[in-house]
Amino acid sequence: MTQLFGNNRMWRSHELKKSYDVVIIGAGVHGLATAYYLGKEHGVRRVALLDKGYLGSGSSGRNTAIIRSNYRTPEGIPFYDASVKLYEDLSRELGWNVLFSQCGHLTLAHTDSGVAGLRVRAENNQLLGVDSRLIYPEEIRRLVPSMYLGAGQRYPILAALYHPPGGIIRHDAVVWGYARACDRMGIEIHPFTEVTAIRVENGAARSVVTTRGEIAAGAVLNATAGWASTISAMAGVPLQIVSHPLQACVTEPLKPFLDKVIVSATLHVYVNQTDKGELVIGAEIDPYQSYSTKGTLPTLEQMATYTLELFPQLHGVRVLRQWAGVCDMTPDFAPIIGAAEDVSNFYMDVGWGTYGFKAGPAAGKYTAEMIATGKTPKIIEPFSPSRFRTARLVGEKAAAAVSH
Amino acid sequence: MSRFFFDGEPIEAQPGDTVASALYRAGRRIFTRSFKYHRPRGLLCLSGHCPNCMMNVDGVPNVRACVTPAREGMRVRHQNAWPSLEQDWLSAAQHFDSLMPVGWYYKTLTHPSAWHVAEPWIRKVAGLGDPPPPDAPPREYEHAFLQAEVAVVGGGPSGIAAAFEAASGGAQVILIDDQPEPGGHLRYTRPGEAPASIAQLRGQPNVELLARAYCFGLYEGGLLGVLQADPHPGAHERLVHLRAKRVVVATGAYEVPLLFENNDLPGILLSGGARRLLFLHRIVPGRRCVIVGIGARAEDLASDLRGAGIEIVSLISPDEVLGAVGSTRVEGLRFRGGSVTCDLIVVCGPLLPDAGLLSQAGARLAWSAAHGAFLPADLPPHVTAVGRVTGSGLEPAVPLPPGEVRAGKRHFVCLCSDVTSQDLVDGISEGFEHIETLKRYTTATMGPCQGRMCQLPAIGICARETGRTMGETGTTTARPPSPSVTLGALAGPRHHPVRRTPMHYQHEALGAVWLDMGAWKRPRYYRTAESSEERRCVQGEYQAVRERAGMIDVSTLGKLEVRGRDAGRLLDKVYTNRFSDLRPGRVRYCVICDDAGIMLDDGTISSIADDHYFLTTTTGNLEFVEQWLEWWLAGTGWDVHITNLTGGLAAVNLAGPQARDVLAGLTGLDVSAKAFPYMACRQALVADIPAILLRIGFVGETGWEIHVPAESGEDLWKALLEAGKAFGIRAFGVEAQRLLRLEKQHVIVGVDTDALTSPYEADMAWVVKLEKNDFIGKAALSRAAGDPREQLVGFVMQEDGVPDDGSAVVMDGRPAGRVTSSRFSPREGRAIGLAWVPAGLAGEGAEIRVRVQGRPLLARVTRRPFYDPEGARLRM
């Protein structure tokens, strides 16, 4: 209660030191979680987090905050499951409520092939211990009475993949909670500190040049999203990434009428209602590459069209804001986590496409372990940067595209 | 006079009334309850900006009553209060405000079990209006597309002048105004003095006025998103996509509240709100009035209110005000050195340029201390701003930020979410010093008013608390849509195209049960007189094909004509196998891979002549293949022309041991195996219809794919049915086709393959010609050739049970692969299928476990087609 009434500072600001054991570029959920687990589990606390904007200004503040682990591949499922489990306990661990609502997550299928695709996920989820199953219209209607399953739908809902532990979280609260915990361990957070160059000497990353000066680093982690390929390029590490905007919008608050996350790949849309009552609606990635974070009218219209297919009664509900985040897409819709192949001291936790936020805690935990111990934990081995050279891709596309 | 109902009670409305003005006239003072504390709120701005009058109108929640015209028979209900606006039980929340400081929900309930219990209750009390049930009647919305040389946004004096000037120069102008009549603020600041320019403007033939319309977004390429209410009796709202070469923004200014204790009480009006009540609706808003304001604006207001018979008790400078007195409505005002009783407080709030559109379009917002406002600067080239939105003619009513913004728990900055000045001060002291993080932490500026009412005071407090200037503190990012827009208007009319093949109604007559395939409708199977059960119908169709003859509508296949001297060269480059050596009259199976060697599509390519090919693609991939060919053609300078014939051709696949007999009766062409062998193509008349015939066999029987002009599709279909009658022909649907091809282990790209499948893994090495000079994917395929990790194989179930498509292949209880397609094979008497398995399990006869209803059942791998493995029947 004292915490409630006292105005405790969440974090402090610092002068930039001359050197750190670890310099993390990007103070979003991935960078913060890595720093947190470095400090907490490995005692590495001479860590600086750099961000070019304010705290959580990148994709951590732009995603639609859906958490789930009902992925498709045997590589992806345990990883995202580990992340969901860390999220489940995060509020208690940080002493800061991240408002994780495990309200349940439904992915809809409107075609035969859609049903088969969901069955692949349900089967693999069940075999790997993730609560996930196919349900049919009668049960869907019972779980989501506000959704239209009546006659006249162009693409009738045939089945859904129901994932009870899935849900939504307050994304900013996750960022702030980790940042507060990092600050208390003496880890420094430096917002508005843009990285302009990375110095590589004798094949090793040695220092990071920022708009506030140059800092030496025992290890450098690229934990950015949207600009991951430009940061890695500073260290001379090319990445198989293309960047696309992803748009979303939010409506005015309504009384609670939807307490599940609804996703439809056929309709290119996903919808949930926040605790405050707003409807958050997301689209698939824009078909073109861009770094723009501004919304476009055709995409907004598409989001509205498909939302009304599922919830026609919402026609009079007003959209308040539309925005975009930049997604770093890899060819196989799986991330790139690991040490750079040709530059030592340079690590990456990037390529998170449209599914980075839900992976934050697990990515942070295992990236921290990798940096602290010098060994790659088994669970993140499949996401190694070398897989593009050896043609060992992961194949998460069917579960990751659209289904945030 | 008209009449509507509020919470069931009839309310009289006069011409020109809005829902809010009629209710106010009828004596209503509380219009809403606030979001968090359920404090009573009354009319404030009367311009649709603030959240204080949101009601449920005809089932639609969160409707701004102050800008909604009153109509006969309307059903208006209050929202977010129980049991009534006057007696709202949740208003008790304000007595517990000390338990709910800013961010309280982040700092409490941190144990997961506590949060799980509390969250549903928090959800219940949050939110504003109730959405209607899913079967509520829909409304009509429409989309329109307009162009203008000049678009003027805002029909006030400056907008009118700009429109007139542009029109006089000969430009074609569209003027967008959100009011029923042009005139802007003059309509309620100088009533009865309509400027002469309005009449002049109406005389200009090249000016179109969109009334009751607002621009909510200035997008790239001169695109304006415009929303017009009630465009005609058949539509509720119309979204206009307006493309303009030049945009003049004349959105004017809006008024925002001042910060003092209880500044949200009903009975406190902004000066613009009071004037609108008085001059637009002829309502005298109170009897004893205190005006908070200084200078000419306050004096003018006092004189106008006196003119309406209102007693002006006092005129008080904003600096002097301490707080309003009252519990559910204003009873007085406290100020330095005294207090006064009154039933109305009119606040001359700061007038701020409505520059959101300009900011969206890329303009910078620069702080002007002289104006006490952020003014637009560095406008994009095609946009100009005129009038009060530029700051001209605006004098700050009070110095901004207010000389002393008091931190108080009853000083409401954000009316939408009940954020007080105390909340902001607390948030800043906790470390949320940047305006963007402060916004996200306190939720100020994130409510239905989109920050109009609260952004400036929030910036002011942030600047003061952090010792920065207003300019350094800056604004949050302006985003479309602003003002907000309904989902219905954005979606427009509910048009979801359905593609029907030319034979659609023939199928319907035959009892087709439909299947959605992209936008297409295809027969899944046909009901018969004997049965409508899918399994029996499919089996009947299957038997007809295997034993006699069957026909299936394949018009949905993509069909492309590729012509030109270099056509073969392009096909060699894009497809994995070779086509430049394909002789006229021959057909070849084809596969497209991307540069990573992943299969993207398959089909057939027929050579009609040396420079003329006929391509088919899968139903879903036509657009992709066409674009892919065009993409790789671009810049080559090659002589190739690609024409999409899909909509122009209908196609039927005729197959079965007696297909030849059926066809022979309809054409003069020699269809003998010798004259028209397997994988040949011919052009001929079939049932007197000019046709392209391909002798190919997806289902494993002697067969022809017959392409004819779409307009003759029905005739061909009927002729084949008629000619086939004697042989017992049956129309078959997609389901029978899936089973027939499965017995042949023919792969369906996109069903049996996925986003990582190479032809090697799909057991189709024979379609890749690595010895070809170069083609898309060659490098990757050269590397991949010997080393697939997984393999697509056929399997036969060894136990009873038919796996569903997508079932897992398991090994030691872990996923090891998946079934892509499986059906009960009448021929084998068991389920057969195709599945992905690890390379080590891909050998002939290997035992695998397939999950059926959760149980791992035994199956055996077979790489040989189940039916006619040598393909003898195809060649007969």
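Every number in this text was worked out from the coordinates using simple rules, so none of it is lab data. Worth saying up front: this structure is predicted, and the values here are computed from it rather than measured. Heads up, the Cβs are rebuilt from the backbone with ideal geometry, glycines too, and the neighbour counts pull from every protein chain shown.
Can you give me the angle between helix A:76-88 and the longest principal axis of chain A, using Cα atoms only, in degrees from 0 to 90, rounded to the nearest 10?
Here the helix axis deviates by roughly 80 degrees.
Rank these for me by crowding, A:Thr34, B:Thr341, going from fewest to most other beta carbons within 10 Å. Provide the component values of the computation, followed by the final result.
Working: A:Thr34 32, B:Thr341 13.
Going from least to most buried by this count: B:Thr341, A:Thr34.
Given the rule -39500 (n - 2.57) for each run of at least 4 DSSP H residues, summed and divided by the residues of the protein assembly as shown, what is its mean residue ellipticity at 222 nm, to the nearest 500 deg cm²/dmol? Kindly include the intermediate steps, with their values, before the conclusion.
Values: 34 runs with 300 residues, N = 1280.
It comes out at -6500 deg cm²/dmol, rounded to the nearest 500.
Report the calculated FRET efficiency for B:Glu771 and A:Asn8 (r = Cβ-Cβ distance, R0 = 56 Å), to the nearest 0.05.
Working: r = 72 Å, r/R0 = 1.28.
Given R0 = 56 Å and the Cβ-Cβ separation, E is 0.20.
Highest mean first, how do A:359-372, B:846-859, B:763-776 rank when packing is the count of other Cβ atoms within 10 Å averaged over residues? Working shown, then result.
Values: A:359-372: 25.1, B:846-859: 17.9, B:763-776: 15.4.
Most protected by this proxy first, the peptides run A:359-372, B:846-859, B:763-776.
Taking segment A:261-404 on its own, what percent of its Cα-Cα pair distances exceed 20 Å? Provide the component values of the computation, followed by the final result.
Numbers: 5787 of 10296 pairs.
Counting pairs separated by more than 20 Å, the tail of P(r) holds 56 percent.
Calculate I(q)/I(0) for segment B:606-655 by the Debye formula, one identical point scatterer on each C-alpha and no solvent, and give its log10 at q = 0.22, 0.23 Å⁻¹ to two decimals.
-1.00, -1.07
Please state the charge dipole magnitude for segment B:399-477, taken about the Cα centre, from unit charges on C-beta atoms (+1 on K and R, -1 on D and E), reported in debye and rounded to the nearest 20.
The dipole of segment B:399-477 has a size of about 220 debye.
According to a simple spin-label model (label point 7 Å from Cα along Cα-to-Cβ), what is the distance in nm between A:Thr373 and A:Asp21?
According to this spin-label approximation, the distance is 1.6 nm.
Nearest 10 degrees is fine. How inclined is helix A:29-42 to the longest principal axis of chain A, computing both from alpha carbons?
Value to nearest ten degrees: 60.
I want to check the label-to-label distance for A:Arg199 and A:Ser292. Put each point 7 Å from Cα in the C-beta direction and report it in nm to one decimal.
Modelled inter-label distance: 3.9 nm.
At a Cα cut-off below 25 Å, give the lysines reachable from A:Lys375, other chains included and same-chain residues fewer than 8 away excluded.
A:Lys40, A:Lys85, A:Lys358, A:Lys365
What residue among B:Gln450, B:Ile428, B:Thr473 has its Cα farthest toward the positive end of the dipole of segment B:399-477, where the charges are +1 on Lys, Arg and -1 on Asp, Glu, each on the Cβ?
The residue sitting most towards the positive pole is B:Gln450.
With everything on Cα atoms, drop me the angle between helix B:157-168 and the longest principal axis of chain B, reported from 0 to 90° to the nearest 10.
Its long axis makes an angle of about 50 degrees.
Please name whichever of B:Gly635, B:Pro584, B:Thr646 sits farthest to the positive end of the charge dipole of segment B:558-647, dipole taken about the Cα centre and charges placed at Cβ: Lys and Arg +1, Asp and Glu -1.
The residue sitting most towards the positive pole is B:Pro584.
With N residues in the protein assembly as shown, what two-decimal value do you get for its Cα radius of gyration over 2.2 N^0.38 Å?
Working: Rg = 34.2 Å, N = 1280, 2.2 N^0.38 = 33.4 Å.
Relative to the rule-of-thumb radius for its length, the protein assembly as shown sits at 1.03.
Any of B:Lys521/B:Lys559; B:Lys559/B:Lys674; A:Lys17/A:Lys52 with alpha carbons more than 25 Å apart? Name them for me. Before the final figure, lay out each step's value.
Numbers: B:Lys521/B:Lys559 17 Å; B:Lys559/B:Lys674 27 Å; A:Lys17/A:Lys52 17 Å.
Table pairs above 25 Å Cα-Cα are B:Lys559/B:Lys674.
So which lysines can B:Lys409 reach, going by Cα to Cα under 18 Å and dropping same-chain residues fewer than 8 places off?
Straight-line reach from B:Lys409, under 18 Å: B:Lys36, B:Lys439.
What ranking of B:Asp17, B:Asp670, A:Asp131, A:Asp275 emerges when the number of other C-beta atoms within 10 Å of each C-beta is taken as an exposure proxy, fewest first? Show your work: numbers first, answer last.
Values: B:Asp17 24, B:Asp670 11, A:Asp131 15, A:Asp275 20.
Ordered from fewest to most neighbouring Cβ atoms within 10 Å, B:Asp17, B:Asp670, A:Asp131, A:Asp275 come out as B:Asp670, A:Asp131, A:Asp275, B:Asp17.
Please arrange B:Ile198, B:Ile176 by how many other C-beta atoms lie within 10 Å of their C-beta, fewest to most.
On the way: B:Ile198 18, B:Ile176 28.
Going from sparsest to densest Cβ surroundings: B:Ile198, B:Ile176.
Output needed: percent of Cα pairs per 5 Å distance bin for segment B:92-136, bins running from 0 to the one holding the longest distance.
5, 16, 18, 25, 15, 8, 7, 5, 1
Over chain B, what per residue volume does the convex hull of the Cα atoms give, in whole Å³?
Details: hull volume 207.3 nm³, N = 876.
Taking the convex hull of the Cα positions in chain B, it is 237 Å³ per residue.
Hey, got the dipole for chain B? About the Cα centre, +1 on K and R Cβ, -1 on D and E Cβ, debye to the nearest 20? Display every interim value, and only then the final one.
Details: 93 positive and 98 negative charges, 138 e Å.
Charge dipole of chain B: 660 debye, to the nearest 20.
Please list B:328-334, B:738-744, B:560-566 highest first by mean number of surrounding beta-carbon atoms within 10 Å per residue.
Details: B:328-334: 19.1, B:738-744: 23.3, B:560-566: 17.6.
So the order, starting with the most tightly packed, is B:738-744, B:328-334, B:560-566.
Residue separation times 0.36 nm, minus the C-alpha to C-alpha distance between B:Arg71 and B:Lys725: what's the value? The partial results should precede the final answer.
On the way: separation 654, 0.36 × 654 = 235.44 nm, distance 6.48 nm.
Stretched fully, the B:Arg71-B:Lys725 segment lengthens by 229.0 nm.
Which value, in nm² and rounded to one decimal, describes the direction-averaged projected area of the C-alpha convex hull of segment B:399-477? Let's see the in-between values first.
Details: hull surface 18.2 nm².
Taking the Cα atoms of segment B:399-477, their convex hull projects to 4.6 nm² on average.
Starting from the Cα of B:Lys718, draw a straight line to each of the aspartates and glutamates and keep only those under 15 Å, dropping any in the same chain fewer than 8 residues away.
Result set, ordered by chain and number: B:Glu508, B:Asp553, B:Asp688.
Which whole-number percentage describes the relative contact order of segment B:399-477, with Cα contacts under 8 Å and a sequence gap of 6 or more? Please report the intermediate quantities before stating the final value.
On the way: 111 pairs, mean separation 23.2, N = 79.
Computed value for segment B:399-477: 29 percent relative contact order.
Compute the normalised compactness of segment B:789-875: alpha-carbon radius of gyration over 2.2 N^0.38 Å, N being the residue count.
Working: Rg = 12.6 Å, N = 87, 2.2 N^0.38 = 12.0 Å.
Segment B:789-875 yields a ratio of 1.05.
Taking the Cα-to-Cβ direction at B:His496 and at B:Ala308 and moving 7 Å from each Cα, how far apart do the two end points lie in nm?
Going by the 7 Å Cα→Cβ label model, 5.0 nm.
Evaluate the relative contact order of chain B (contact order divided by residue number), counting alpha-carbon pairs under 8 angstrom at least 6 apart; express in whole percent.
On the way: 1980 pairs, mean separation 70.1, N = 876.
About 8 percent, as a whole number.
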